[in-house]
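Notes follow the structure.
The values are calculated or read from the model by the stated rules, or taken from the named source; none is laboratory data. Just so it is clear, the model here is predicted, and its values are computed rather than measured. So basically every Cβ, Gly included, is an ideal-geometry build from the backbone, and we count neighbours across all protein chains shown. For accessibility, only protein heavy atoms count, side chains too; no ligands or nucleic acids. Shrake-Rupley method; radii C 1.70, N 1.55, O 1.52, S 1.80 Å.
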Amino acid sequence: MKIEKKFYTEEAALWRSLEREADGLGMGMSLGEAEEDQLRLEREAWQIEEKAENEKKQNYQVIRQEKLDRFQVLTKMALEFAELAPMDITVNTENFFGRIDLSADCLMILPSSPDEMRTGLLTLFREAESISILRKDNDQIIVSLIYPFCTEIPRSAE
């Protein structure tokens, strides 16, 4: 039995057609209409940013030591995985988050691979708040994993 459904291919084709349509609409605008459209977009972006800032002010962000400690363990696990895979690794900590980036031409975990590879990658994925897998221009893939250090506490809970 073979099951094949090209979700990505269909979505990418739709996205390309929407981009072409948007380009066509933009070309028919006069300079005044284009400036007015740009101002409208800037106002909308400002409103979204202001709403996000207001929501942020309603909560305290408290850094949790146990999350920092756990990130140290995950970093060690990621370093071991990168060595076994082999993949390049970059670890950054910024403000309230830790980020682990793994990159290589490909990622393969085979039946003959050490169990630590499979369990390590699964743990890294399971504990990440956010995961992205992207392909760079040089055809390398980058697996980015984000780990929060903080917990949000509502200000009303004071």
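What translational diffusion coefficient, in µm²/s and rounded to a whole number, does the Stokes-Einstein relation yield for the stretch 34-106 at 10 °C and a viscosity of 1.306 mPa s, taking the hydrodynamic radius as the Kirkwood radius over Cα pairs?
100
Around G120, with a cut-off of 15 angstrom between Cβ atoms, what is the net charge of the other residues, counting Lys and Arg +1 and Asp and Glu -1?
With Lys, Arg at +1 and Asp, Glu at -1, the neighbours total -1.
What whole-number distance in Å separates the alpha-carbon centres of the stretch 87-101 and the stretch 121-158?
Between the Cα centre of the stretch 87-101 and that of the stretch 121-158, the gap is 9 Å.
From the phi of every residue in the stretch 88-101, what ³J(HN,Hα) in whole Hz does the Karplus formula 6.51 cos²θ - 1.76 cosθ + 1.60 yield, where θ is phi - 60° and glycine or proline is x?
Each residue of the stretch 88-101 in turn: 6, 9, 10, 10, 10, 10, 9, 6, 9, 9, x, 9, 10, 10 Hz.
List nothing, just return the count: lysine pairs in the stretch 1-157, 8 or more apart or interchain, with Cα separation under 28 Å.
So the count of such lysine pairs works out to 7.
Heavy atoms only, 1.4 Å probe, whole protein assembly: order F7, F97, F81 by accessible area, highest first.
From most accessible down to least: F7, F97, F81.
Which option, (1) 1.53; (2) 1.14; (3) 1.46, is the value of Cα Rg over 2.2 N^0.38 Å that was calculated from these coordinates?
Identified label for the calculated read-out: (3).
Restricting to DSSP loop positions (anything but H, G, I, E, B) with no more than 12 other Cβ atoms inside 10 Å of their own Cβ, which trypsin sites (Lys or Arg not before Pro) remain in the stretch 65-158?
Sites meeting the loop and neighbour criteria: K136.
Grab the DSSP H runs of the chain that are 4 residues or longer, score each as -39,500 (n - 2.57), total them, divide by all residues and round the 222 nm result to the nearest 500 deg cm²/dmol.
Dividing the helical sum by the residues of the chain leaves -17500 deg cm²/dmol.
Project the alpha carbons of the stretch 72-137 onto their principal axes and report the range along each, largest first, in whole Å.
Extents along the principal axes: 39, 31, 18 Å.
Excluding D69 itself, what net charge comes from residues whose Cβ is under 15 Å from its Cβ, given Lys and Arg +1 and Asp and Glu -1?
+2
Please report the equivalent ellipsoid semi-axes of the stretch 104-158, computed as sqrt(5 x eigenvalue) of the Cα gyration tensor, largest first, in whole Å.
Calculated on Cα positions only, the semi-axes equal 32, 18, 5 Å.
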